[in-house]
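One structure is given here, and the rest of the page talks about it.
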Amino acid sequence: METKVCIIGAGPAGACAALQLAKLGISSIVVDKAVFPRDKVCGDGLSGKVLTILERIDKDMGKRLQESVFKLNSWGVKFVAPNRLGMDIPYKTNYKDDMSDPRGFVCKRIDFDNFLVEELKRRPEIQLFEGKSIDKYQLQEDGYLLSNNDNSFQVKAQLIIVANGAHSAFTKDVAGIKMEPEHYVAGIRAYYKDIKGLHKDNFIELHFLKNMLPGYLWIFPLPNGEANVGVGMLSNNARNQKVNLKKLMLDTIATDPVMKERFGDASLVGSIDGYGLPLGSKKRKLQGERYMLAGDAAYLIDPFTGEGIGNALYSGTIAANQAAAAIKANDFSDNFLQTYNDEIYRILGPELQLSTKLQKLVKYPWLFNYLMKLGNKNKQLAELMTCMFHEVDLRKRLSKPGFYVKLLFNR
């Protein structure tokens, strides 16, 4: 088979790239080694970025997501500091006045990714091949020859968008991007049923407990009385402190006074699974001769919030736009595709840099405690923290030392 663009991976980044190309009238082939629906270990949170991008591609697609039954509408985040003082931060102020347009959701990745795959199948411009592995990448003068190990499946493409996840062999072997523990989070995820005390408006919970710093425990509510529960910690910290994340989570649930009560009647659904999060806390080269990296394969997860899906959708869209430009110019060189790299870091770079700074604040429990205490009294600070996940310009104020000096001396 031959195509102008082959997208490797049908997850959020790859699916979004194909859908954006279809919008631009460009056909593509999408190949994924899995057969959908398939599970993906993740925190299962969808920020407002997700709906924004889907609506830009197709308003009806955004509407179909909002009307889907496999997700819960989530209206905010609950931070819990090491001193156990909590603070509710809604995604938008006065959200209770109008709950007709939810922007944040929680849903299992098996359902969300399958939703995107079904959207791919709606578009005649997209050929989707499931259950096909791309194991060999041969760069030729006029494109990449892609194939599985026994060459029974082959695709010739002028350009490839690599979106096959955190463990992409292409990212490692061709793009030369290696896993670095200081820019990588080790995480585990489990599903529990019947946890007590979940927020009535489905706020996701981030618990910065003393025994987990600089990591945290999360609880994300899901449909049918379930919740996604997990722990994340920088890989170098987990390695240096010899932390067993599974044991840490189970011990916390069993012995922490608050968690012990909340999980008293809860039951584990399925297994406890581990996964890695390649962080965007370091700038990398995300393109080369006839290829672009997108999503987790491009190491674009937010270092502070752990958000990967929204950034994956952004990168898929940007990659598709650059692919269209390359096809028009008939130029698939490393130099021409540099614009993709520039656009990624122009759009996502400031947020990734700021989140990297905020991530470092987790090392100081006293600062988190103070912020939670002050935030419960200070409306201005609460509004700033509300925007921490979504508005980069306001997040800048939280990353500057002078901001905290003013808080400390102007009570």
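Quick look at the numbers
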{"item": "Residue list for segment 199-226, filter: under 24 Å from G274 (Cβ atoms) and part of a loop (DSSP other than H, G, I, E, B)", "result": "F208, L209, L213, P214, G215, L222"}
{"item": "Enumeration of residues in segment 1-36 that are surrounded by fewer than 24 Cβ atoms within 10 Å (Cβ to Cβ), assigned to a loop (DSSP other than H, G, I, E, B), modelled with pLDDT of 95 or more and not charged (D, E, K, R)", "result": "L24, G25, I26, S27, A34, V35, F36"}
{"item": "Test result for L222, in contact with a strand residue (DSSP E or B) (Cβ under 9 Å, 6 or more places away or on another chain), closer than 30 Å to D265 by Cα and either in contact (Cβ under 8 Å) with a residue 40 or more places away in the chain or not acidic (D, E) (or both)", "result": "yes"}
{"item": "Verdict on K132 being within 25 Å of I309 (Cβ to Cβ), in contact (Cβ under 8 Å) with a residue 60 or more places away in the chain and not polar (S, T, N, Q)", "result": "yes"}
{"item": "Residue in segment 254-295 that is nearest to R109 (Cα to Cα), counting only those that are exposed (fewer than 15 other Cβ atoms within 10 Å of the Cβ) and of a type in the set (S, T, N, Q)", "result": "S271"}
{"item": "Only one of G48, G76, G14 that is of a type in the set (G, A, S) and over 24 Å from P223 (Cβ atoms)", "result": "G14"}
{"item": "Tabulated pairs, segment 316-328, first within 17 Å of K285 (Cα to Cα), second of a type in the set (S, T, N, Q) and crowded, with 22+ Cβ neighbours inside 10 Å, C-beta under 7 angstrom, 6+ apart or interchain", "result": "G316/Q20"}
{"item": "Inter-residue pairs, beta-carbon under 6 Å, first closer than 22 Å to G76 by Cα and in segment 47-65, second in a helix (DSSP H, G or I) and of a type in the set (D, E), 6+ apart", "result": "G62/E55"}
{"item": "Residue within segment 383-402 that is on the phi < 0 side of the Ramachandran plot, in contact with a Lys or Arg (Cβ under 7 Å, 6 or more places away or on another chain), at pLDDT 60 or above and surrounded by fewer than 18 Cβ atoms within 10 Å (Cβ to Cβ) present", "result": "no"}
{"item": "Tally of residues being in contact with a Leu (Cβ under 9 Å, 6 or more places away or on another chain) and either modelled with pLDDT under 95 or small (G, A, S) (or both) across segment 326-344", "result": "1"}
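Listed here are the residues, each with its yes/no results for (1) in a helix (DSSP H, G or I); (2) more than 21 Å from A186 (Cα to Cα).
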residue: N228; (1), (2): no, no
residue: R239; (1), (2): yes, no
residue: K247; (1), (2): yes, no
residue: A254; (1), (2): yes, yes
residue: M259; (1), (2): yes, yes
residue: G264; (1), (2): no, yes
residue: G270; (1), (2): no, no
residue: L277; (1), (2): no, no
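The values are calculated or read from the model by the stated rules, or taken from the named source; none is laboratory data. As the structure is a prediction and not an experimental result, all values here were calculated from the model. Glycine also receives a Cβ, built like all others from the backbone with ideal geometry; neighbour counts cover every protein chain displayed.
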